[in-house]
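Everything on this sheet refers to the single structure shown next.
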Amino acid sequence: MGFTHIFAGNPLDRADRHRRDPAWLEAAARADNARYLPLWQLNVLVDHQDERGSRLGWLSHQDLSRLEVKVPPIFLGLHDDTPHFALDISSVHDPEHELNLGDELEFEESRAAAMHLPLADTGIVAQARAQAGWHRSHRFCSVCGQPTEQEKGGHLRRCPSCGAEHFPRTDPVAIMLVEDGDHCLLGQSHGPLVRFGMYSALAGFIDQGESIEEAVLREIREEAGIEAESVRYHSSQPWPFPSSLMVGCHATAVTRDIVMDEEEMHDVRWFHRAEILQALDEEHPTLRLPGPMAIAHHLIRDWAERT
Ligand SMILES: [Zn+2]
């Protein structure tokens, strides 16, 4: 396997054979060794107890039995034959109090938690958060409008009224670093990036009926007015806010003059490799680049350090 980003590298065996077995799922969910990751308003439970650092806060079926939860658990997978589930407990008013959690356990926003959790745990966060978020926003059938029901441990919602099957969605986003010799093209979209003085790789959702390569070239053309070629795949990163898959690529520019999309972008510029290397070491006086949590950082660093 290639590069492992934050939110990738999930160690669980997703065990599709068990997803299809309702009796097995039911028994596993009540087993003494079952581990539950509770999510509350899409925040994950984090355990700060371990002196080596924080990790995900897993609870037992028994721990959760005192709560009034209205949704079934989501089967995440197996690890050493131990079943792992996620449970959306958002219907509980004050979970830290009702679960009688100690000082070490607290609910934390998923992105903030991922910055200090072990890499393998961030992969589980991505799966659990994306799944819980999908169930929250797909309670009704998009064909007939009636309520849907969870099946296959959370990997399917079926409409009892019209029979339609709805599967968890993943939205692919192309993110690309455009290079031209010793220069690369970075942009600043309107919003928080402007406030932080941060520039990043250009990016956009892949359209329906469009290849990754076509999406990369289209986004570069639309956002920067630059024509490019030779799209090369780099790596990908799950980004569960709410359910994206970032597809990272490099591309080579064939034109140089920028014609920016002013509605979407605040600024688009060519940066010299020397400036980029300085900014990656946080020694540039003004230029800020995304941190290692983001795939953009690795697209930029791998280009800048290439000799
Ligand atoms: Zn329906």
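The values are calculated or read from the model by the stated rules, or taken from the named source; none is laboratory data. This one's a predicted model, so the numbers in the text were calculated from it and none came from an experiment. Note: ideal-geometry Cβ built from the backbone for every residue, glycine included; neighbour counts use all protein chains shown. Ligands, DNA and RNA are excluded from the accessible area calculation, which covers all protein heavy atoms including side chains. Shrake-Rupley method; radii C 1.70, N 1.55, O 1.52, S 1.80 Å.
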Q. Using a probe of 1.4 angstrom, how much of the accessible area of the range 241-304 is carbon and sulfur, in percent?
A. 50 percent
Q) Under the classification rounded if a/c is under 1.5, otherwise prolate if a/b is larger than b/c and oblate if not, where does the range 161-307 fall, given a ≥ b ≥ c as square roots of the Cα gyration tensor eigenvalues? A) prolate
Q | Magnitude of the charge dipole, the range 17-159, Cβ model with Lys/Arg +1 and Asp/Glu -1, debye to 20 | A | 980 debye
Q: Positive end of the charge dipole of the range 69-193 (Lys, Arg +1 and Asp, Glu -1 on Cβ, about the Cα centre): tell me which of Gly187, Leu117, Cys141 has its Cα farthest that way.
A: Cys141
Q) On full extension of the chain, what length is gained from Arg35 through Glu222, given 0.36 nm per residue of separation minus the C-alpha to C-alpha distance? A) 62.7 nm
Q. Which whole-number value in Å² is the accessible area per residue of the range 164-223, probe 1.4 Å?
A. 48 Å²
(Q) Please list, by residue number, every one of the chymotrypsin sites (Phe, Trp or Tyr not before Pro) in the range 1-56 that is coil in DSSP and has at most 16 other beta-carbon atoms within 10 Å. (A) Phe3
Q | Cα-centred dipole magnitude for the chain, charges only on beta-carbon of K, R (+1) and D, E (-1), debye, nearest 20 | A | 880 debye
Q. Mind checking the dipole of the range 184-241: about its Cα centre, +1 per Lys or Arg Cβ, -1 per Asp or Glu Cβ, Debye to the nearest 20?
A. 340 debye
Q: Taking DSSP loops as anything outside H, G, I, E and B, show the longest stretch in the chain free of trypsin sites (Lys or Arg not before Pro) there with at most 16 other beta carbons within 10 Å.
A: 170-255
**Q.** Rounded accessible area per residue of the range 66-131, 1.4 Å, Å²
**A.** 47 Å²
Q) Rounded if a/c is under 1.5, else prolate if a/b is larger than b/c, else oblate: which is the range 1-99, with a ≥ b ≥ c the root eigenvalues of its Cα gyration tensor? A) oblate
Q | Sulfur and carbon atoms: percent of accessible area, the range 1-86 [1.4 Å] | A | 45 percent
Q. 222 nm [θ] for the chain, helices only, -39500 (n - 2.57) per DSSP H run of 4+, per residue, to 500?
A. -7000 deg cm²/dmol
Q: Choose one of Leu56, Ala279, Met265: the residue whose Cα lies farthest towards the positive end of the charge dipole of the chain (beta-carbon charges +1 Lys, Arg; -1 Asp, Glu; about the Cα centre).
A: Leu56
Q: Find out how many positive minus negative residues lie around Asp267, taking Lys and Arg as positive, Asp and Glu as negative, among other residues whose Cβ is under 12 Å from that of Asp267.
A: -3
Q: Report the full-extension gain for the segment His116 to Asp257: residue separation times 0.36 nm, less the Cα-Cα distance, to one decimal in nm.
A: 46.7 nm
Q: Report the full-extension gain for the segment Val194 to Asp207: residue separation times 0.36 nm, less the Cα-Cα distance, to one decimal in nm.
A: 2.0 nm
**Q.** Value of relative contact order over the chain, rounded to a whole percent, pairs C-alpha under 8 Å and six or more apart
**A.** 17 percent
